[in-house]
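The structure appears below as structure tokens.
Throughout, read-outs are computed from the coordinates displayed, never taken from laboratory work. Bear in mind the structure is a predicted one, so any value in this text is a computation, not a measurement. Every residue, glycine as well, gets a Cβ built from its backbone with ideal geometry; the counts of neighbours run over all protein chains shown.
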Amino acid sequence: MAGEERKKRVVVESLGWLTESSIMPKKHRAIAGVGASSILELKAQLYRSQEESRQSKDLSGGPDASYHRAKVIGPTPDTFSRKNSGVDARAHKDKLELKAINDGSKSYEALERKAALYDKLVKGELPDEEDQEKYCVDFFRKNVEQDESQQPQGQDLPSSEVPEDGDSEASVLFETKFTGPGRTVGAMDNDEHKRFVREVHEEVNQAREKVSELKMRRQMQAGARREKLKQAYLRKQLDKLKATSGEEKKA
């Protein structure tokens, strides 16, 4: 009868949260030689050992005793007092640049570089880009227009209008001016007039040769650029054909 009552008591015992889960509770296994009285003795012995160790630490002042003391708080470091070498170097560089700007030396150097670059562009010494123009201004055309505007006004005179030695009547009419009825005064010496006309024609011919030379140079540069573009286009098309042929062979 006593065994049946014990089994019933185990059945009605509260199983806690395990009753609401799908995990089946494990059965309690009895350990031989261990009872309720022995467990109480073990707990009492554990408590006594803990008390003894605590008292010994308090009396001896061991390494763990320092945790009971207040922490020594040192002075807080000032972040603004620290120095950075990179910031100092940058500040020194900014000071030098500001000084150069105030003195005007930096602006003068920039103007000199721009003037040298402009002269090279006008003379056509800088090569053009292969694929596209680097500058929006056509400096070659601008130089040609300046040369044409600086040419003397006598360049439009054809060579057929130059008075020859045999045309004495025309030269006399050109050289004299009327000062009164029946009187004339020489306006210009014949040799001086010929020399002046010759100089004008020489200047005109030199200007025309210079313009033609500049145009020829420009045409050569344009032809070379077109040839480079053509070669680049042909290489690109050849690469495309090779790529398509390689894909067809793989397929």
What is the sum of charges around residue 216, taking Lys and Arg as +1, Asp and Glu as -1, for the other residues whose C-beta is under 12 Å from the C-beta of residue 216? +2
For the residue pair residue 239 and residue 30, what label-to-label distance in nm results when each label sits 7 Å from Cα along the Cα-to-beta-carbon direction? 9.1 nm
